[in-house]
Amino acid sequence: MDNIQKFLSDAEKIKKHYRAEHPGKYSGTAVCEQICNLFIRNNRTYEQLAAAFAQYWMDTYILGSADQESLPTSENLDTLAAMQSLLDNDSQQINTLSNKDLKELCQIVNMEAEDIPIDVLNSLMMIFVDRQVF
């Protein structure tokens with residue numbers, strides 16, 4: 001099981017446990033907040049960047065949804081997993097990110113650049129350049 005598969009499995013466990021612990025009172029937003037915390041914990045080396053990515057995911061894909069019962073959808077989780085792939089320097093698995101997503105994530109990286117280890121920053125910027133995000 002690779003890092004992305006483990007992340008997705010853990011996210012599904014969070015969703016399942018929340019449903020079991022809160023029968024009849026499911027909150028997709030609360031589950032997504034827990035998944036964001038998981039995402040941040042998975043990226044402790046660059047926690048501020050991971051937190052910014054997670055906040056972008058919440059703002060863009062979760063908070064505007066009218067259907068709280070279905071959150072997070074598999075598409076939502078795939079998007080966050082693609083962000084994890086980006087942080088893992090696996091450019092092959094980021095295809096679910098739209099060009100708009102990549103541009104926003106590039107801006108986030110630029111804003112957080114001074115707190116990102118130089119090797120991680122170089123890898124991220126190479127991916128953005130390869131994808132012609134600028």
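Structure values in brief
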item: The chain, accessible surface, carbon-and-sulfur percent (1.4 angstrom probe); result: 48 percent
item: Percent of Cα pairs exceeding the 19 Å cut-off, where the set is the stretch 53-125; result: 35 percent
item: Test item: Cα-centred dipole of the stretch 1-104, Lys/Arg +1 and Asp/Glu -1 on Cβ, debye; result: 240 debye
item: Per residue value of the accessible surface for the chain (all protein chains in place, 1.4 Å probe), Å²; result: 55 Å²
item: Debye intensity ratio I(q)/I(0), log10, the chain, q values 0.17, 0.20 Å⁻¹ (C-alpha model); result: -0.87, -1.17
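The values are calculated or read from the model by the stated rules, or taken from the named source; none is laboratory data. The structure presented is a predicted model; accordingly, all values stated were derived computationally and were not measured. Neighbour counts run over all protein chains shown; Cβ positions are idealised from the backbone, glycine included. Keep in mind that these areas ignore ligands, DNA and RNA; they rest on the heavy atoms of the full protein, side chains included. Shrake-Rupley method; radii C 1.70, N 1.55, O 1.52, S 1.80 Å.
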